[in-house]
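Enquirer: Provided herewith is a single structure, encoded as structure tokens, for subsequent inquiry.
The values are calculated or read from the model by the stated rules, or taken from the named source; none is laboratory data. Being a predicted model, the structure only gives us computed values, none of them experimental. Surface areas here come from the heavy atoms of the whole protein model, side chains and all, with no ligands, DNA or RNA. Shrake-Rupley method; radii C 1.70, N 1.55, O 1.52, S 1.80 Å.
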Amino acid sequence: MPTQESNLHEPYTDEQVSLIFGKVIERQDYYLLLFIYFIHYTFSRPGKEVRLMKVGDLKPNAVVIPAQHSKNRRVKSPTLTKPIQELIDFLGVRNYANHFYIFGSEGTPGLIPVGKGCYYHRHKKILDELGIIGKYTLYGWKHSGNIRAIQLGVTDASLQLQNGFTERRTLEIYRRKLSAYYNNEIAEKFV
């Protein structure tokens with residue numbers, strides 16, 4: 001059976017990214033910002049991959065996503081980018097016990113993970129406040145991050161590793177879907 005492609009969550013434009021990050025910082029909701037950063041920069045899925053991350057999953061330059069939390073049931077270890085590292089340090093996340101969930105139910109790392117809808121609702125309030133409507137979701141940050149990485153010239157091999165794709169074919173499907181939102185060659189050369 002051929003793999004069925006999923007519907008694409010709307011990626012955010014550069015202008016929307018600036019507005020949303022600005023509003024989150026204005027509210028000083030740094031754990032929401034960290035949640036978004038993990039999706040945006042590590043291309044992780046918000047449901048289990050990010051929400052169930054533990055402090056001990058943070059390595060010096062990567063985060064380990066256990067097989068039971070990843071979509072393809074394989075361990076993923078995306079690189080932690082500089083913005084994530086800086087926010088982790090600012091929040092002192094590594095100072096908590098390794099068995100604590102980074103996104104604990106009390107708003108900081110803790111023994112009980114935050115509920116499934118918590119960050120969705122906090123994010124949605126900001127979108128509503130900014131008048132951003134459409135198929136915009138937390139998952140859309142994964143697509144926004146991939147588009148930005150493609151624009152910056154990140155290699156296919158690096159994109160495949162960061163996304164945790166086991167097959168190059170998956171990356172090709174993803175690139176094709178994302179090219180509908182931004183194709184640098186067409187935009188720059190086809191005038």
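Enquirer: Which whole-percent values make up P(r) of the chain when all C-alpha to C-alpha distances are grouped in 5 Å steps starting at zero?
Expert: Reading upward from the zero bin: 1, 7, 15, 21, 20, 16, 11, 5, 2, 1, 0, 0.
Enquirer: Name the lysines eligible as straight-distance cross-link partners of K135: C-alpha to C-alpha under 24 Å, and not fewer than 8 places from it in the same chain.
Expert: K23, K48, K71, K116, K124, K125, K177
Enquirer: How much solvent-accessible surface does T166 expose, in Å² to the nearest 10, with a 1.4 Å probe and all protein chains in place?
Expert: For T166, solvent-accessible area is about 70 Å².
Enquirer: While we're on this one: Residue by residue through the range 157-169, which ³J(HN,Hα) values in whole Hz follow from phi under the Karplus form 6.51 cos²θ - 1.76 cosθ + 1.60 (θ = phi - 60°), with glycine and proline marked x?
Expert: 4, 5, 4, 4, 5, 5, 6, x, 6, 7, 10, 4, 4
Enquirer: Nearest 500 deg cm²/dmol is fine: what mean residue ellipticity at 222 nm does the chain get from its DSSP H runs of n ≥ 4 alone, each adding -39,500 (n - 2.57), divided by its residue count?
Expert: Details: 8 runs with 87 residues, N = 191.
When only DSSP H runs of four or more count, the value is -13500 deg cm²/dmol.
Enquirer: Here's a follow-up. Normalised by the residues of the range 14-184, what does the relative contact order come to in percent, with Cα pairs under 8 Å and at least six apart?
Expert: Values: 208 pairs, mean separation 42.9, N = 171.
Normalised by residue count, the contact order of the range 14-184 is 25 percent.
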